[in-house]
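Report on the structure given below.
The values are calculated or read from the model by the stated rules, or taken from the named source; none is laboratory data. Note that the coordinates shown come from a computational prediction; the quantities given were computed from them, not determined experimentally. In this analysis, Cβ positions are derived from the backbone assuming ideal geometry, glycine residues included, and neighbour counts consider all displayed protein chains.
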Amino acid sequence: MKHLFFFLCFSLFLVACLSDGGKQGLEYPKAEPETLDFYGKYLFDAKNIEKDEYKTFFFDRYNNLLRQNKIDSAGQLLGIIGRALNYNSINDSVINSTSFAYLKQYENKISKNRRSEILYNLGNYYYYSNAYDSSIYYFNKALTHTQTYAGLNRDGMINYYLLFSTLNNGGQDSSIKFAHKSLKLFEKLKDTSMLGAVYSGIACIYNFQYNYSKAIRYEDKAYDLAKKSGDTSTIMVVSYNKINSYNTFGHPNLLPFIDSTYRYYKVWSERNFTKNQVEMYSWLALKAVRENKMVMAKRLLDEIKPKIVKVGDNVSENYYLNALAEYDVKAGANPENVKIYRDKIAEKIENEDYLSLSLYYDILHDYALKNNDYKSAHQYLKDAEVANDSLVSIFTRSKVLEYEEKYQTEKKEQEIALQKSDLARKNSYIALLAALIGALVLASFAYYLWNRQKKLKQEKENSMTFTKQLLQNTEEERKRIAGDLHDSISHELLNLKTIFTQDISVVNSKIDTIINDIRGISRNLHPVMFDKIGLVPNVEQLLERVQSQNNLFVTTEINYGGSLSSADELQIYRIIQEALTNIIKYANAHAAKIAILEQSSKITIEIKDNGKGFDVKETLNSGKSFGLHNIIERSRVIGGEATIVSSTEGTTITIEITPKS
């Protein structure tokens, strides 16, 4: 049954090529249809193919074009007649020889498209001749590999035909490969008509493997696409293949589906030539037999019997014989039909067509019994048993495949369900983890905001405290200066007035004292020569006074080139002055070190002591650290940053300043 069944599938699908296909995509716009002159239209019209003068008409025109050196026009005509014959399942050796001779002589003088069409027709010829190796060879040579509508369409059709050529040549794997190539090309063109054709071809592959469930599934998909395309030719072709599958595997919907196919057949008037009538009427006759409408079945069979020879097509003949055999099983065969069945047995055995063999053996057995030929009847009965066993084996294999497929599907569904469950569980874990991370991030962010708010609040409080202390200290400084002027300078001037009449040396001494007091007050307010002599000398003078007036030993490390402005240097001076005051008042230190180091990228001021130290954070937040805040604020004013580190071994104040470029 293998080769014959797929020969039926393939030949039927040639009808689909007569249609324009389904909806095409915009990416590959359909080319303008080929312009046919009077001769081309005549040759392409299926109604003319059966006329006696058909080939004579072709050769007169073809040879005339060659004499006029119109090689491409002659090739076009050759392609048209080859196409017309192939579409109608007619194998003509003369046209084939002419195509071969044309290619041999003019292959290098014609277009790629023309060459492809003629090679394509040669592939079809060898397919119908059952020369599958040659068919595969010419189909492969016909491939265009061009990204145009015409090129993609031709390559799609070639891969579609290679599906059946390789399948009949024993290559199931190659057949599937070509099917998928064809699908890919027709999907690009969005050609629903040919997509339906290819899916029906895939169904044939699964029928070949006796995988009934998959075959029917692909037939259903093909039928849906064919109806979607709206092309009656494709619907008919897919329907014929579906009827074949239903009949082969005993589908319960066979008879209703024959009815629905006949409804399409009746509107298929433009393609209703003899071959199609034989095929449709054969199925209608089979349906009538199954429904016990024997008179109708006989009328249909008698109507198409004389047309079998005219069609000359093995496929159509097999449709007819299948229906006739079912009729003869019920009605009894005449001697003429018995001879036909005997002659066909060898062919059916070769093609493994056990369904037909079972019918034929039943008919021959009944005929032998009727004629008292018990020996032959016994043999036919044994042969029928073998055929039926083979059928049972096929159907059993089909069921095994169906159940295996269901098992694998259920197994896969269970695996998918398990994977979904695992995925859901993992997703739950991920969601929980994400929620925890989110909560942690949110908490961290909230803590950060709280801490920042707290810090800003503390800084604001410190700033207010610093401002308050600054105002307070300013008033105290004014009070001190007023006191110094009143208690010292004013007192001394009064004394001077009292003793003005005394010895001049005493007067001079008093005046010197007053001058020194004024200088001290002035120096505390502002170093008099600061702008002229700069930072380093003023710092050195400050350290001399501190050491002379206090029990504190101070060393220095100064490497400063004067890169800062006078205003910034004054701030550094005040910072050092404030730091020394704090050391003297609070640190109980015996020694200190002042370092001013200038580098290419920064200036570092470091003030160290060996005093008792203090808690920096607590002191800064206490509201009683005006001196430290004074150092910090002055550092910021000159673009620096102050760092205070303190322990029981002493305190280090480091200020790093990045000079403005």
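Considering the range 124-155 alone, what residues qualify as being under 19 Å from Q172 (Cα atoms), modelled with pLDDT of 90 or more and not β-branched (V, I, T)? Within the range 124-155, D133, S134, S135, Y137, F139, N140 qualify. The helices (runs of 4 or more DSSP H) falling completely within the range 161-233 that include 2 or more residues that are touching a Phe, Trp or Tyr at 6+ places or on another chain (Cβ under 6 Å) and among the hydrophobic types (A, V, I, L, M, F, W, C) map to 192-208, 212-229.
So, Y138, is that one assigned by TED's automatic domain parsing to the domain that holds A101, part of a helix (DSSP H, G or I), more than 28 Å from Y264 (Cα to Cα) and not β-branched (V, I, T) or not?
Details: assigned by TED's automatic domain parsing to the domain that holds A101: no; part of a helix (DSSP H, G or I): yes; more than 28 Å from Y264 (Cα to Cα): yes; not β-branched (V, I, T): yes.
Judged against the criteria, Y138 is not a match.
Among helices (runs of 4 or more DSSP H) entirely within the range 562-644, having at least 2 residues that are in contact with a Phe, Trp or Tyr (Cβ under 7 Å, 6 or more places away or on another chain), surrounded by 17 or more Cβ atoms within 10 Å (Cβ to Cβ) and among the acidic types (D, E) singles out no element at all. Restricting attention to the range 619-641, the residues that are within 19 Å of I572 (Cβ to Cβ), aliphatic (A, V, I, L, M) and either assigned by TED's automatic domain parsing to the domain that holds K457 or touching a residue at least 60 places away in the same chain (Cβ under 8 Å) (or both) total 2.
Does K330 fit the bill of being of a type in the set (K, R) and over 23 Å from Y262 (Cβ atoms)? Please lay out each step first, then the result.
Details: of a type in the set (K, R): yes; over 23 Å from Y262 (Cβ atoms): no.
Here the answer is no, as K330 does not meet what is asked.
Could you tell me how many of the residues in the range 325-378 are among the polar types (S, T, N, Q) and over 19 Å from A285 (Cβ atoms)?
4
Just name the residue that is surrounded by the most Cβ atoms within 10 Å (Cβ to Cβ) out of those in the range 540-561 that are over 13 Å from I605 (Cα atoms) and of a type in the set (S, T, Y). I'd like the intermediate steps shown before the answer.
The initial filter retains those residues of the range 540-561 that are over 13 Å from I605 (Cα atoms), namely 540-555, 561.
Now drop any that are not of a type in the set (S, T, Y), which leaves 548, 555.
On the way: S548: 7, T555: 11.
Across the range 540-561, the extreme among qualifying residues is T555.
Close Cβ contacts (under 7 Å, 6 or more residues apart or on different chains) running from residues in the range 46-59 that are on the phi < 0 side of the Ramachandran plot to residues that are modelled with pLDDT of 85 or more and hydroxyl-bearing (S, T, Y) comprise N48/Y42; N48/Y54; F57/Y42.
Consider the range 178-213 and keep the residues that are closer than 12 Å to T234 by Cα and of a type in the set (A, V, I, L, M). The one that is farthest from the chain's Cα centre (by Cα) is A197.
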